[in-house]
Structures are given as C-alpha cells and as structure tokens.
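Values in this text are rule-based calculations from the coordinates and carry no lab data. Nothing here was measured: the structure is a model prediction, and the numbers come from that model. Here the Cβ is made from the backbone with ideal geometry for all residues, glycine too, and neighbour counts use every protein chain on show.
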C-alpha cells in the first residue's frame, strides 16, 4: 500500500537550520496522523482548510493569522519547512494550525468522508523533465481523491508556474465532471510565496485554477 503512488517529491534531507531543527521538538503538539483528530476539533472552527505542500509556510501562516476562526491543516514533507512553520506558530501564538507530514495522498486515501471546506495547492513540484511528468501530483486520479474529502460546494484552488504542467492540469480537469470551473478565486491575489516570486523573477507566469465541488 505504501508504494501505491510514485513519489511526487524528492527524498532528500535538505538544509535545515539549528533553529528549525530545535522547533521540530514541538511537532508533537500540532502533528496530525489521522483525520479523526481533525474531526475532534471541527466544532471549534468555522471552516477547515487544507494546504498541500506549504513550503516555508508563508501563505499558511498569513492565512491562519488573518482568519483565527478557521482551522488550517498544513501538509509538507521537508523538515526545514516544517521547522520554519513551527517557529512561526510559536512566535505568533497561533492555535489554528495542525500539520501533516509525509505523502498527503496516503493521508487522504484513509479518509472516507468530506471534511475539508477548501484545499489549496500552490505551485507543487513541477517535475519539468518529460520523463518525470508521471510523478506530478495533480492528475485526474488525484482530483478524484480531493473530491471525496471536500464538502459540497467546497473550493479547490491550484496553481503552477510551468506552462506544460498547467496544460496537464487543464486536461485533467476536463476529464473530471465533478468540479465546476470558477472564473476567479480570492487565492489568486494572496501574497506571492518565495517560490512564486522566484518564478516571476525568472520570467514564468503563474497559472491559477479555481474549482468548486458539484
């Protein structure tokens, strides 16, 4: 079962600062390993929002600060980013963030009901080489899995800074009749993350996709 999905991220340790490493000592306070843990908290919040691949956490932290009435579930595989977010949670005294580590697809696969009001995926790993396109996270099968965990009328926002990935996402959306394509989304105007800023500086366009579950 654990080998069901091709890795959509590179298995590497990466660089991690002493501060980020120290922050990981507090992961247990926010770590979510089962959707049952999320359900236990749902009555304390207005909406539950999942961000997949939060990177260094700029967007996740800003959303949580601006919307304390919502519970934000942040998913990330790299310890440096997780450590960075844990430090920001502590610095800002945030009580509305929980964290999922590892491949989010395995976590979602275990959920058999709709629990999220919104799902955000901002510029996932583009796997730009043609031979690696099969490792891209967003495809028709992935959209089916997101549909299952979204509430009725739930919002799915995705973006990429690679044109051929955008074309692939658009094709996957066309194969899935369970979502309605929206003309706009408030997430199109959020502060650019570090990775989005780098893309713009390198001359790449950001391609947004906003969908509603029907």
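Taking 0.36 nm per residue of separation and subtracting the Cα-Cα distance, what length does fully extending residue 130 through residue 21 add?
Stretched fully, the residue 130-residue 21 segment lengthens by 35.7 nm.
If a/c stays under 1.5 just call it rounded; otherwise compare a/b with b/c (prolate if a/b is bigger, oblate if not). Do that for the chain, with a ≥ b ≥ c from the square roots of the Cα gyration tensor eigenvalues. Before the final figure, lay out each step's value.
On the way: a/c = 1.40, a/b = 1.16, b/c = 1.20.
Rounded, since a/c falls under 1.5.
Just how far, in whole angstrom, is the range 80-108 from the range 152-191 if you go by their alpha carbon centroids?
Taking the Cα centre of each part, the range 152-191 and the range 80-108 sit 24 Å apart.
Within 10 Å, count the other beta carbons around each residue, average over each peptide in 67-79, 135-147, 105-117, 19-31, and list them highest first.
My ranking of the peptides, most packed first, is 67-79, 135-147, 105-117, 19-31.
Evaluate the distance, in nm, between pseudo-label points positioned 7 Å from the Cα of residue 67 and of residue 140 along their respective Cα→Cβ axes.
For residue 67 paired with residue 140, the spin-label model returns 3.1 nm.
At 0.36 nm per residue, and after removing the present C-alpha to C-alpha distance, how many nm does the segment from residue 204 to residue 175 gain when stretched out fully?
7.8 nm
Quickly estimate the mean residue ellipticity at 222 nm for the chain, helices only: each DSSP H run with n ≥ 4 gives -39500 (n - 2.57), and the total goes over all residues, rounded to 500.
Numbers: 8 runs with 70 residues, N = 214.
Roughly -9000 deg cm²/dmol at 222 nm, from the helical runs in the chain.
Have a look at the DSSP beta bridges in the chain and tell me what percent are antiparallel, nearest 5.
30 percent
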